[in-house]
Amino acid sequence: MQLQLDNIRKKFGDKPVLKGIDYTFEKGKIYGLLGRNGAGKTSLFNCLSGEIRMDSGGVFLRQGDVSQPLGEEDVGYVFSLPVLPEFLTGYEFVKFYLDINKDKIAGARTIDEYFEMMRIEPEDRHRLIKGYSHGMKNKLQMLLFIIDRPPVILLDEPLTSFDVVVALEIKNLLRSMKKDHIIIFSTHILQLAADLCDELVILNNGLLQEIPSAMLQSPEFEQQVIEMLKDGHGDA
Amino acid sequence: MLRTLRSIMEIRGASGANRLIYYFRRIPLLGRMMKEGMYARAELKQALTVIVQILRVLWGFLGKFMYLGIVIYWPVTAVGNDLPPQEQYGLYLQMILLLSFALAGVSSAVILEPKLDKYICVKLMRLPARAYMRSTMTLRCLSFGIYFAPAMMVFAHMLQAPLWQGALLALLLASWRTLCEALHLWLFDRTEIVLVKQTAVVWIVLGPGFILGAFMLYAGVSFIEPEWLFNLPVVLAILLAGGAAGLYIARYGNYRKAVDAVSKIDEPLLNMGRMMKDAQAKDIRSDEEQAVLRPGHAAYEDKTGYAYLNAIFFARHKRLLIQPLQRCLAGCAVLLCGGLLALALSPELFIAPAQYLRSGMLVLIFVMAFITTGEKACKAMFYNCDMSLLRYGFYRKQGAVMSNFRIRLARISGLNLIAAVAIGLAVNLPLLLSPADWIIWDAALFFMAVIGLALFYSVHHLFMYYMFQPYGTEMNIKNPFFMVVNSLVMAVGGVGLVLRSNAEFFAPAALVLALVYAVLALILVRRFHAKTFRLK
Ligand SMILES: Nc1ncnc2c1ncn2[C@@H]1O[C@H](COP(=O)(O)OP(=O)(O)O)[C@@H](O)[C@H]1O
Ligand SMILES: [Mg+2]
């Protein structure tokens, strides 16, 4: 399975943010999307998830010889700022989500089993999401893609808000899921990317560049990435 | 003063122009013609500023025509169509005296009104408070009379009164309202009370005032003669008082305090961010105490998917959605008891209202608009539910949007239909039992009308929400297209029904219209939701 991005362009007003992104992501790897603040990581994810329309270009999901446009239901997207319906309890939200995806879900886990998996305490499950901490909200968002297992999983700057224990759990979870999914997560923190990812891509000046795997191992890696990023302009 | 006035006009014009550009760019196709950079293009902005100012002036005149026409002239001629013109004119003057002179004098003074404009000019742009207030008040008092004059003259002419009386009435009103402004300021100076912000007091005046107005219309008699108003001593007295008030306003020394009192940074009417938070916090807050759930216990376990979501949503917004209904039911109960009591005491009392109701069933349009829930419900749906869920792809899919829309429509219609039936019972039961000329057929028409209207408004609010999604994610400012369509629908409905306003036509028309609207809404939402029902 491959995720093919074909010449994605996006302007906000007169300002081009994505200037023709071409890249192919493969199943079985965790990709780190590295870019400075304002480089367009969130915008790229929003385009992939269908939340905003790209000006031109296309995204395809290729399985064997069949290539289809990427549908909104093929993408699980964890926002950097978690947005969840706050009038529900965690339990109710998960039940709702299970209901509407019931024909897609293979394994028959119970709601409480899912909460166990994410280590959300029983007494928290029946509290309003409104009272959840940032980390708990993020876990709940991740639960959604664990439930319906979409082929493509996008995580926008996820691990930054977790405490070390949870971060480690999430890392392990992502590693355990990667064989069936295309997982891309964006970050502006280099160490995090280097630590978790199998491949690194850099979003710079509206274009995606791959960092050769050989370079990931080299001692000058950090220095080289920073050189690459310096040429571009972030928010400045 | 002219210089101050010019800068104020420029500031107002520029912010008006910015808003215009902002919304223009959102019109499909046409909007593309305008680039982002427009905000900074000075010549264009200048031109737009002029256009905005012209529009403001036109609106100033038009608004007065609409106010006098819809609120005063039309009801007066509708109820008094068998009266001779002099008496209609008397009734018309009487309504103006009540609404524009008395009630608006209490509720609509601008001198201490919290206003964004005031905040921008005085606090941000640092115009001296005194200069700002003197200029704006001069402008206001003059333009008030000028805007009213043409409308007053036209309606006077239509009621076969001399034109000069219309013009004089505008002058008197401007003068009187200047006096009211001065009194508000004087009260503030003495007691630091900002009367227009004392909602309770304002409503204590407005409530009985409206009831008095309704009663005057209903009775259809004019108590006053035009000569009482248009005679030299009265005119002179009002003009002199107005002039003195003008002087007081012009020479008042402590405007700094008067402006500060209503433009604090935390003034909810000024601070947009705060305003939205407040709206969310107070207006559309979900009922949290409801949600303290026992662990292991879950509500509505029998429902699934969107039905489940909505069941919880409506349950957690009881205060917001059910309470108005409860109030309405209580009102109906009181009405019913009062009706039955009146029936026992003097049954003849019902004869005249029955007649009026048959020819004037149209008032139900406004009654039902007031009673039906919808707008607040949509706002709560947006801020508490859709604003977050719309970010998820599954929620934007057609199946999801449609089942959500249908369930919501059913729920809101359900609430409103209960209110409609309650009103129907409360009004019709006493009428049917009374000796008045009101038979089952009339009652059936009445029920048809209230049910049709309840359905109509339920569809309308929800449909407008799905098509225009008027709430921004940051600012709670209404989309002007939403307002335009809204008033257009009301106007078309109103005019269409005025032309043939007997109940035999109106009641079935309302019902059919509502059903057609419901079907149309379902089709259009299905067709366009991907464009319209998303976060903007
Ligand atoms: N809705 C929008 N309207 C206008 N500009 C936007 C919008 N969304 C993002 N941008 C601009 O696009 C650029 C990229 O933003 P973003 O994708 O959020 O970057 P990142 O996630 O890499 O920090 C920024 O300069 C931002 O200002
Ligand atoms: Mg971002």
Note on A:Lys179: of the conditions (1) under 21 Å from A:Tyr23 (Cβ atoms); (2) surrounded by 19 or more Cβ atoms within 10 Å (Cβ to Cβ), unmet is (2)
With the requirement that a residue be of a type in the set (Ser, Thr, Tyr) and within 21 Å of B:Ile193 (Cβ to Cβ), what does segment B:89-118 give you? B:Ser107, B:Ser108
Checked segment A:106-125 for anything in a loop (DSSP other than H, G, I, E, B), touching a Lys or Arg at 6+ places or on another chain (Cβ under 8 Å) and within 14 Å of chain B (Cβ to nearest Cβ); matches are A:Ile120
Which of the following residues is in contact with a Leu (Cβ under 7 Å, 6 or more places away or on another chain), charged (D, E, K, R) and open to solvent by less than 10 Å² (accessible area, probe 1.4 Å): B:Arg408, B:Arg396? B:Arg408
Look at A:Phe60 and say whether it is surrounded by 13 or more Cβ atoms within 10 Å (Cβ to Cβ) and more than 16 Å from ligand 2 (Cβ to nearest atom). yes
B:Leu183 being free of Cβ contacts under 8 Å to residues at least 40 places away in the same chain, surrounded by fewer than 19 Cβ atoms within 10 Å (Cβ to Cβ) and in a helix (DSSP H, G or I): no
Among the residues of segment A:152-167, which ones are within 16 Å of ligand 2 (Cβ to nearest atom), modelled with pLDDT of 75 or more and open to solvent by less than 30 Å² (accessible area, probe 1.4 Å)? A:Leu154, A:Leu155, A:Asp156, A:Pro158
Scope segment A:27-65; condition near ligand 1 (Cβ under 10 Å from one of its atoms) and small (Gly, Ala, Ser); matching residues: A:Gly35, A:Gly38, A:Ala39, A:Gly40, A:Ser43
Kindly indicate which of B:Val262, B:Val235 is out of contact with any Phe, Trp or Tyr (no Cβ under 8 Å at 6 or more places or on another chain), β-branched (Val, Ile, Thr) and at pLDDT 80 or above. B:Val235
Subset of segment B:414-428 that is touching a residue at least 40 places away in the same chain (Cβ under 8 Å) and open to solvent by less than 10 Å² (accessible area, probe 1.4 Å) - its residue that is farthest from the other protein chains (Cβ to nearest Cβ): B:Ala426
Please verify whether A:Leu5 is more than 13 Å from chain B (Cβ to nearest Cβ) and at pLDDT 90 or above, treating the condition exactly as stated. yes
Of A:Lys19, A:Lys15, the only residue that is within 16 Å of ligand 2 (Cβ to nearest atom) and over 18 Å from the mean Cα position of the chain (by Cα) is A:Lys15
Given A:Gly135, A:Gly206, which one is among the small types (Gly, Ala, Ser) and away from ligand 2 (no atom under 16 Å from the Cβ)? A:Gly135
Among the residues listed as A:Asp103, A:Asp74, A:Asp99, A:Asp55, the single one being touching a residue at least 40 places away in the same chain (Cβ under 8 Å), closer than 19 Å to B:Tyr395 by Cβ and charged (D, E, K, R): A:Asp74
Hand me the list of helices (runs of 4 or more DSSP H) wholly inside segment A:129-236 holding 1 or more residues that are within 30 Å of A:Lys15 (Cβ to Cβ). A:134-148, A:190-196, A:221-231
Filter pass, A:Gly13 being more than 14 Å from every other protein chain (Cβ to nearest Cβ) and either within 13 Å of ligand 1 (Cβ to nearest atom) or surrounded by fewer than 13 Cβ atoms within 10 Å (Cβ to Cβ) (or both): no
Only one of (1) under 26 Å from A:Gly38 (Cα atoms); (2) away from ligand 1 (no atom under 16 Å from the Cβ); (3) within 13 Å of chain B (Cβ to nearest Cβ); (4) not charged (D, E, K, R) does not apply to A:Met142, and that is (3)
Could you pull out the residue among A:Leu98, A:Leu81, A:Leu70, A:Leu48 that is open to solvent by 20 Å² or more (accessible area, probe 1.4 Å) and within 16 Å of ligand 2 (Cβ to nearest atom)? A:Leu81
Quick check: is even one residue across segment B:441-452 within 30 Å of B:Gly305 (Cβ to Cβ), open to solvent by less than 60 Å² (accessible area, probe 1.4 Å) and touching a Ser or Thr at 6+ places or on another chain (Cβ under 8 Å)? no
From B:Ala380, B:Ala369, residue being away from chain A (no Cβ under 14 Å) and in a helix (DSSP H, G or I): B:Ala369
Among all residue pairs at least 6 apart or on different chains, which show Cβ distances below 9 Å where the first residue, located in segment A:22-43, is within 14 Å of another protein chain (Cβ to nearest Cβ) and the second is more than 6 Å from ligand 1 (Cβ to nearest atom) and of a type in the set (Ser, Thr, Tyr)? A:Thr42/A:Ser80; A:Thr42/A:Ser186
Breaking point among (1) free of Cβ contacts under 8 Å to residues at least 40 places away in the same chain; (2) farther than 27 Å from B:Ala307 by Cα; (3) within 21 Å of the chain's Cα centre (by Cα), for B:Arg327: (2)
Right, B:Gln165: among the polar types (S, T, N, Q), outside any loop (DSSP other than H, G, I, E, B), farther than 14 Å from B:Val259 by Cα and open to solvent by 10 Å² or more (accessible area, probe 1.4 Å) or not? yes
Cβ contacts < 7 Å: first residue in contact (Cβ under 8 Å) with a residue 12 or more places away in the chain, restricted to segment A:185-199; second residue among the β-branched types (Val, Ile, Thr) and within 16 Å of ligand 1 (Cβ to nearest atom), any location; separation 6+ or different chain. Result? A:Ile189/A:Thr160; A:Leu190/A:Val225; A:Ala193/A:Thr187
Given the structure, is B:Ala174 at pLDDT 90 or above, closer than 18 Å to B:Ala250 by Cα, in the same structural domain as B:Met95 (by TED's automatic domain parsing) and within 24 Å of the chain's Cα centre (by Cα)? yes
I'd like to verify a number: residues in segment B:237-260 that are part of a helix (DSSP H, G or I) and within 14 Å of B:Tyr132 (Cβ to Cβ), how many? 8
Any idea which of B:Glu181, B:Glu192, B:Glu225 is in the same structural domain as B:Leu127 (by TED's automatic domain parsing), acidic (Asp, Glu) and more than 31 Å from the chain's Cα centre (by Cα)? B:Glu225
Show me the helices (runs of 4 or more DSSP H) entirely contained within segment B:281-359 in which 1 or more residues are assigned by TED's automatic domain parsing to the domain that holds B:Leu429 and modelled with pLDDT under 80. B:318-345, B:351-359
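The values are calculated or read from the model by the stated rules, or taken from the named source; none is laboratory data. Since the structure is predicted, the reported quantities are computational estimates derived from the model, not experimental observations. Positions of Cβ are generated from backbone atoms using ideal geometry, with glycine treated the same way; all protein chains shown enter the neighbour counts. Areas reflect the complete protein model, heavy atoms only, side chains present, ligands, DNA and RNA absent. Shrake-Rupley method; radii C 1.70, N 1.55, O 1.52, S 1.80 Å.
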